[in-house]
Structures are given as structure tokens and as C-alpha cells.
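Reading through the C-alpha cells given below for one structure.
The values are calculated or read from the model by the stated rules, or taken from the named source; none is laboratory data. Since we're looking at a predicted model, the values are computed, not measured. With ideal geometry, Cβ positions are generated from the backbone for all residues, glycine too; neighbour counts draw on all protein chains shown.
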């Protein structure tokens, strides 16, 4: 495993982050691993040198956090070595089978003050996450989305306060317009509050819209970039005609990588397959190796559902792409609609 500096901070993280959305409860989504299998995979990931674990309160309605915390305790991961990231914004349902990740139930009395980035919800959510994780502090707290209904000053001051309380070490943001991210950090800098040190955004060979505004800003400011879905929910890890449980059930695939918005999807997939065949490696390794060619990418987040996939992806660190390879992979790209923010 390789370890890299986390933007301009002194923090060091593994070159691969383990995405824990895959661990929680299959009642929430059929492709999610239940506790026993989740614990085994988290332990194996740590054994491969991964020290960066990414979860969110909304994954499996909090069950993902609980299982990650149980793994940390059960397998005695040294707290000073590992980096635990979680997120705040979306509501959690009491019914595990109810997936409301992405919902904004404004008129549902059950969720009043239970989502968004108000001072109240941030404080409540941080305490709830710490309890589920069984930890004294969170290394990185992300805002899962930008809250248009809360003044940014209220949000940034509340985030600063949870840092100063010792409950959070660093702040990050996820998937928003570049101008909103810039605005948030400007407000924090103006008031002497804690700024975001990282951005977690969608970035892969078939979705590169972040290259227009967000990525140039991150590179200019030395802000860490932790892309999610570098394999495009698995679409870049297998030939076009192959299906998977997640591909058939994950509504995000249809929303983020819809064919009607991406006439280039199949061509890019074919080119990934061609380079993989030429080098004698998997498609997943090529898709991930492409992200490693980008100097602004810190640590891609990977959801790993099988042990063999873990070893395959760790070995992507050994795959080196030439400029001709990257040009060939990138050439078919056409502009896309932005993902919902």
C-alpha cells in the first residue's frame, strides 16, 4: 500500500479509501453486505494496508457506521493509525428497509430538524455518529451535500465548533457546485473558522465534469480530492453486456450514468477493456489506474464486496498507464448533464 499527504494537511492516508456504503444491511439495499461478511471484508482491507475508511450516517440508516465501529474495536485497529470519515446531511429512517438517502422530507413531521446543515442537526448528527462508531472523535466530517435552506454562516460556524470541541479533526465537503464550495471556504476564512480541506466528488472516465471548475480550484488551493465511484458503480469493471446485482438495483446508476446522457459510455467501456486486455490486467485495474495518473486525486473511494475484488484493486497500484493509454481512454468523452446536487 502507498500512503499520501492529505492535501495541505499533515494527515497521511492510504492511496485507496475503503467505501463502507457496501457494509450495513441488505434490507436497505440488496447489494449491501450484512454484518458478518462486512466485518470480514473490513478486516481484510486493513490487512492490505488500507487505513482510510469512508462511511456516512445515511448508509443503511446508520448501520454502516455501527459495523465499521465494531470492526475497529473487534480487530483492534490502532486509533492513531486509521482515518475514519463520515458525513452529515441526509435523514435516517427507523425502518431499515426504507432507503431515504438523498431525500429531503420537508413536510414529514418525523424528520423535522432531522436532516440538513442547521446548527442543531450538525450537533445532533455528530453525537449520534460517534455513538454508533464507538469512537471519541471523527477524523474527517463531510457535509454530504450543500444546504440551500440554511445560511452558510450558520453551517460553517457549527462545523468549526464541532472541530474545536475535539469531536472532529478535519472538515470536508461532497458533490456541490464549485461556487458553493468556494463560498463556504471563503466565509470560514473571513471569520477565522475551520475550512474544508478536502472534496469528495464523483469522478471517473465516464463522468469528468468536475474538470471544468472544481478540480482547477482544488489543485490551485492544495485541497485533497477523494473521488467517489471511480469505477462508475461497477460499469467500468466489466464488459457492457454483463450485469450485476448492484447494476440491476442501484437507482444511482440510472441517475448518474444514464445512457441517454452518455452516448460515450459503451465506447469508453470498450476502450478500458482493450487496454486491460493489452496489459493482461482487469478492467477495474485500468479504470482505477487512470485516476492515479491525475496529480489532483488523493485517494479514490472503493466499495469492495468480494475478497478477490480487494486484492485486484490493491494491485492496480502497480499498473502504469502511458500518456498514449490515457489519451486513448479519454478521447471519446463528451459533456454530460451534472449529477443532481
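The table below gives the values:
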read-out	value
Every residue from the range 64-86 that is in a helix (DSSP H, G or I) and either in contact (Cβ under 8 Å) with a residue 60 or more places away in the chain or over 24 Å from residue 308 (Cα atoms) (or both)	65, 66, 68, 69, 70, 72, 73
The range 237-280, residues that are modelled with pLDDT of 95 or more and not in a helix (DSSP H, G or I)	280
Yes/no for residue 106 being part of a loop (DSSP other than H, G, I, E, B) and surrounded by fewer than 23 Cβ atoms within 10 Å (Cβ to Cβ)	yes
The lone exception for residue 57 - which of (1) under 28 Å from residue 122 (Cβ atoms); (2) assigned to a strand (DSSP E or B) it fails	(2)
Within the range 156-170, considering residues that are touching a helix residue (DSSP H, G or I) at 6+ places or on another chain (Cβ under 6 Å) and buried (at least 22 other Cβ atoms within 10 Å of the Cβ), the one nearest to residue 87 (Cα to Cα)	168
Where a residue in the range 282-298 is more than 17 Å from residue 271 (Cβ to Cβ) and its partner, wherever it lies, is part of a helix (DSSP H, G or I), with Cβ under 7 Å and at least six apart	296/215; 296/218; 296/219; 297/291
Extreme residue, surrounded by the most Cβ atoms within 10 Å (Cβ to Cβ), among residues of the range 1-39 that are touching a helix residue (DSSP H, G or I) at 6+ places or on another chain (Cβ under 7 Å) and assigned to a helix (DSSP H, G or I)	20
The lone exception for residue 42 - which of (1) free of Cβ contacts under 8 Å to residues at least 40 places away in the same chain; (2) surrounded by 15 or more Cβ atoms within 10 Å (Cβ to Cβ); (3) closer than 27 Å to residue 219 by Cα it fails	(3)
All positions within the range 120-150 that are surrounded by fewer than 16 Cβ atoms within 10 Å (Cβ to Cβ) and touching a helix residue (DSSP H, G or I) at 6+ places or on another chain (Cβ under 6 Å)	134
Selection within the range 67-97 - touching a helix residue (DSSP H, G or I) at 6+ places or on another chain (Cβ under 6 Å) and crowded, with 19+ Cβ neighbours inside 10 Å	67, 68, 69, 71, 86, 88, 91, 92, 93
Boolean, residue 339 is touching a residue at least 40 places away in the same chain (Cβ under 8 Å), in contact with a strand residue (DSSP E or B) (Cβ under 6 Å, 6 or more places away or on another chain), on the phi < 0 side of the Ramachandran plot and in a loop (DSSP other than H, G, I, E, B)	yes
